[in-house]
1. Using only the heavy atoms of the protein chains and a 1.4 Å probe, how would 434, 419 rank by accessible area, largest first?
2. Residue farthest toward the positive end of the dipole of the chain, with Cβ of Lys/Arg at +1 and Asp/Glu at -1: which of 22, 334, 308?
3. Once label points are set 7 Å from the Cα along Cα→Cβ at both residue 69 and residue 202, what is their separation, rounded to one decimal in nm?
4. Taking Rh as the Kirkwood radius computed over C-alpha pairs, what is the Stokes-Einstein D of the stretch 32-83 at 10 °C in a medium of viscosity 1.306 mPa s, expressed in µm² per second?
5. Please state the equivalent ellipsoid semi-axes for the stretch 256-295: what are the square roots of 5 times the Cα gyration tensor eigenvalues, largest first, in whole Å?
6. One quarter of the convex hull surface, Cα atoms only: what value does that give for the stretch 333-377 in nm²?
7. Over all alpha-carbon pairs of the stretch 362-436, lay out the pair-distance distribution in 10 Å bins, whole %, shortest bin first.
8. At a 10 angstrom cut-off on C-beta neighbours, averaged per residue, how do the peptides 13-20, 154-161 rank from highest to lowest?
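The values are calculated or read from the model by the stated rules, or taken from the named source; none is laboratory data. Owing to the predicted nature of the structure, the values given are computational and were not obtained by experimental measurement. With ideal geometry, Cβ positions are generated from the backbone for all residues, glycine too; neighbour counts draw on all protein chains shown. All accessible areas refer to the heavy atoms of the entire protein, side chains included, with ligands and DNA or RNA removed. Shrake-Rupley method; radii C 1.70, N 1.55, O 1.52, S 1.80 Å.
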Amino acid sequence: MKEIFRKVLPLSLIVALRFFGLFIVLSVLSQYALELPGGTAFLAGIAVGGYALTQAVLQVPFGVLSDRIGRKKTLLLGLLIFAAGSVICAIADNIYLLLLGRFLQGAGAIGSVVTAMIADHVREDQRAHAMAVMGMTIAMSFAAAMIIGPLVGGFYSVSALFWLTAVLAILALAILFTAVPEPPQIVHSYSEEEAKIKHVFKDKDLVRMYVTFLFHSSTMAIAFFLIPLVMKQKFGMGPEDYWKVYLPAVVFGIVAMGPAAVFGEKYGKGKEVFLVSIGFIAASFALMGWSDSIFWFAVGAVFFFIGFNMFEPLLQSFVSKFAKVHQKGAALGVANTFAYVGIFLGGAIGGWLYQHFGAGGVSAFVLVVSLFWAAWIYSMRSPGVRDNIFLPFAEYDRTKVEGLKMVNGVTDFYLNQTEEIIVVKFDNEIVSEEVIRTFLAKQ
């Protein structure tokens, strides 16, 4: 576990600093955007989710670019773009300049690159722990942002939050070039044709995960659009008091991540965890949209954070598990593209619905989406059917690995030259671990 922390923590800090910069404004942004010259509820929704549009467009190109020129160079480019967008948001004096800055923030689309880099450094059987470390780091940045954002935004200005975001992007760059180790050497045998983007859509399990990313992130954008507006307009709370709702919600959300990771990874109950999470999210919007009591509204916010965070330690892990080694950057790029499309659509649709039908209309929409989402998850195979084995060069014949292409049920294999192991991914409903070990055994 100590080795995992050494490899993963610097990268987790980079992505946590970037997400902190995004999270810190979410708790106050919809109300702030609504009050800018030219602001409407619809444009405020775009401001909340607008960065995700450019994230969606550029997520796959950044993932592919990282596979070709290296992760560090791609992260450098993305962080510089993100910092520039933060500065524009800080100086914005109307809704349209704010939207421009938000779009530019999103253009630094490094989420899939960081996740792919973590997957490079960590073995498959340790990846759930690594993703949990990253998830917990992000969760802590999220918790801090939910407290600091309303306080700084309330007592100073939202512009100050964007200036802070730009500074944190530069700090992330310093961590990148001083603390992040180089990835191990990986050798695989796939043709140029097999490495094309279209191949990450051939695996049905991957496609189901992509759509799950879409639903998951869209509800997040809708929640962060709705929560501050309802607290301000319905319950008369000022931004400096928002933390009273956000703090318990974040605490319960962080606590929920542990059991979700254990049941999803250790016991292979990922599908069941997802269904329970959707139930919490549906209940949360029912309470937040129709409750006349600040107490029950706050309970709804707690339910949302529990449901949302239960997904966190599993989503990225399952995508990296399903993807082939030469496709990790591209597959995670596609997954994050779906996520950011969801954020943009959630912000835009949430803003439009609120403008025309109020909080109740927003909640009714999410309840309908939740039904479709639950049906989609219910029909998927359990991620636990995908398994991995790690075979040392000293005990197994690496010259036989090409023959694994002919073994039904083997989904991927590669040589980790740095750790001197053969890594084989397989479907345990089709082929057993013993068959693979026997196939690769030295004579």
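1. 434, 419
2. Farthest along the dipole direction, towards plus: 334.
3. For residue 69 paired with residue 202, the spin-label model returns 2.8 nm.
4. It comes out at roughly 124 µm²/s.
5. 28, 10, 4
6. 3.3 nm²
7. Whole-percent P(r) values from 0 Å outward: 17, 35, 18, 13, 12, 4.
8. 13-20, 154-161
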